[in-house]
Amino acid sequence: MEKKILFVDDERPILKILEALFRAGGFVPRCVVDAEEALVVLKDENIKVCFVDIHMPVMNGLELCRRIKEVHPDAQVYALSAFPGLMNDAEYKNSGFNGYLRKPFNIDQLMDVGRVAFESISNRAGA
């Protein structure tokens, strides 16, 4: 299985770093700066793991997660936020996210989450 990951964040420097690090880590990263572009990519490509910034202009990460899950209910979607007190773990889960990572994040932790997400998808496919 090709390990395609979608990163959605309105901060281009973060996306450039994530793209380089995840590519070097054996993933196939797709990086976009807004939710609308993310929805176009997801329509055209089979991407099952997404990391989504919560605070973005036009459409926030909560709405994007909801829309992703409507089209790809089996997608693994993780919230990225610099605002730790915004919501608690249960609220993220109830919003459809599979998990939450706080910015600034530890890149090793982020990569581990990506690996575990693909293992989960692979295990479900094999079940």
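Values computed for the structure shown
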quantity	calculated
Matching residues, the stretch 31-45, being more than 20 Å from PRO104 (Cα to Cα) and outside any helix (DSSP H, G or I)	GLU45
Per-region count, the stretch 19-36, residues touching a residue at least 24 places away in the same chain (Cβ under 8 Å) and closer than 19 Å to ILE68 by Cβ	10
Condition broken by ASN98, with the remaining ones in (1) more than 16 Å from ILE121 (Cα to Cα); (2) in contact with a strand residue (DSSP E or B) (Cβ under 9 Å, 6 or more places away or on another chain) satisfied	(1)
Filter result for ARG115 (surrounded by 10 or more Cβ atoms within 10 Å (Cβ to Cβ), basic (Lys, Arg) and over 18 Å from LYS4 (Cβ atoms))	no
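Let's see how each residue does on (1) out of contact with any Pro (no Cβ under 8 Å at 6 or more places or on another chain); (2) of a type in the set (Gly, Ala, Ser); (3) at pLDDT below 90:
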{"site": "VAL58", "(1), (2), (3)": "yes, no, yes"}
{"site": "LEU64", "(1), (2), (3)": "yes, no, no"}
{"site": "MET87", "(1), (2), (3)": "yes, no, yes"}
{"site": "SER95", "(1), (2), (3)": "yes, yes, yes"}
{"site": "LYS103", "(1), (2), (3)": "yes, no, yes"}
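The values are calculated or read from the model by the stated rules, or taken from the named source; none is laboratory data. The shown structure was predicted, so the numbers you read here are calculated from the model rather than taken from an experiment. Don't worry about glycine lacking a Cβ; one is built from the backbone with ideal geometry, like all the others, and counts go over all protein chains shown.
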